[in-house]
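The values are calculated or read from the model by the stated rules, or taken from the named source; none is laboratory data. Being a predicted model, the structure only gives us computed values, none of them experimental. Quick reminder, even Gly has a Cβ in these numbers, built from the backbone with ideal geometry, and neighbours come from all protein chains shown. Protein only, heavy atoms only, side chains kept; ligands, DNA and RNA dropped before computing areas. Shrake-Rupley method; radii C 1.70, N 1.55, O 1.52, S 1.80 Å.
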Amino acid sequence: MEKNNETEKIIKKLGSLGELTVVKSDTDLNTETGVRREAQVESQEQSNINNMTINIERKIEININKRISDMIWLMDGRLIIVEWWNKVNLLTPDGKLLKKLPIPGQAFSVTQINEDTIAVTYPDENAIKIFNMENETVTKVITLDTYCYGLSSSDDSLVVGLIDDEIRIIDLEGNTLKSIRVECESNLLHLVYCNDKVIYSDYYGKAVYCVDGSGKQIWQYTQDLSEPRGLCTDTYGNIIVADQNSHRIIVISKDGKESKVLLSDGLGYPKFICLKHCESSGFIGDGYGRNLTKFNFLI
């Protein structure tokens, strides 16, 4: 800054240019990089699920023709489909195979941490592998003490299902944040973490459960389920479930008190359902790697 003598002379002649008051206040700045933004869900009013309907946009043949264990819709529009204890496939938004990601081992479940990073469980290695999509490299391997199956993420933490009796919340370094003991008749293959609650499906027990961070059961849903498998949450916190053997898609309100069958025709054993981040469109997939059904929610 350079002093200007001419300006000083003008100020002396004027006497004053007025008063300047500075008010200081503290502001919380919160930046988010995770796939699920819990604050966004909290800010939304609860939707009336009775008004929800599904519009089928189209069906896509993917012809992987192998047993599938998980699928997600990435933030950039591409899809990831995991073969059962096998390879991780990257697909275009219209279902065409781009490549098999170079991650060694037998994969099972996948979740997206941020725009460039995914995490994948490897049950036979008791491990979660963090993979950078841009560089196509495994950046970290988190080793656990037992088999790990279902996987979800929120901000900078991962939620993983361990066999059939524990859901563990860990940070991205592998440190345990919470250990939640649960009862489940089947292995914990499908779960989702939302607003400090974990929702998981029990396909043998024909139920969907919601528990808090201490393991306390908030609600359970057992109405007319035949084999609940994959699930996801919408922006209101409602839970969308693929009930495989009844060929139906069911929505459960976030408090577990209400439900509605959204789709019951034209689906062949739906096993997975995923939504695009912060949007009302998604994909339904079967367990055999044959078809995807693209849909939109109407509320």
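Being at pLDDT 95 or above and farther than 26 Å from Ile81 by Cβ is a property that holds for Ile180. Of the residues making up the stretch 172-189, those that are charged (D, E, K, R) and either touching a residue at least 24 places away in the same chain (Cβ under 8 Å) or in a strand (DSSP E or B) (or both) are Glu173, Lys178, Arg181.
Just one of (1) under 21 Å from Val159 (Cβ atoms); (2) among the β-branched types (Val, Ile, Thr); (3) modelled with pLDDT under 95 fails for Thr31. It is (1).
Among (1) buried (at least 17 other Cβ atoms within 10 Å of the Cβ); (2) touching a residue at least 60 places away in the same chain (Cβ under 8 Å); (3) farther than 30 Å from Leu225 by Cβ, where does Ile142 come up short? Status for Ile142: all satisfied but (2). Scanning the stretch 74-91 for residues that are in contact with an Asp or Glu (Cβ under 9 Å, 6 or more places away or on another chain), buried (at least 22 other Cβ atoms within 10 Å of the Cβ) and not β-branched (Val, Ile, Thr) gives a single hit, Asn89. The residue that is nearest to Asn195 (Cα to Cα), among those in the stretch 236-281 that are crowded, with 18+ Cβ neighbours inside 10 Å and β-branched (Val, Ile, Thr), is Ile239. Against the conditions (1) in a loop (DSSP other than H, G, I, E, B); (2) of a type in the set (A, V, I, L, M); (3) in contact with a strand residue (DSSP E or B) (Cβ under 6 Å, 6 or more places away or on another chain), Met75 satisfies every one except (3).
For the residues Lys100, Lys129, the requirement of being more than 19 Å from Asn175 (Cβ to Cβ) and open to solvent by 10 Å² or more (accessible area, probe 1.4 Å) singles out Lys100.
For the residues Val160, Val192, the requirement of being within 21 Å of Trp85 (Cβ to Cβ), buried (at least 19 other Cβ atoms within 10 Å of the Cβ), in contact (Cβ under 8 Å) with a residue 24 or more places away in the chain and β-branched (Val, Ile, Thr) singles out Val160.
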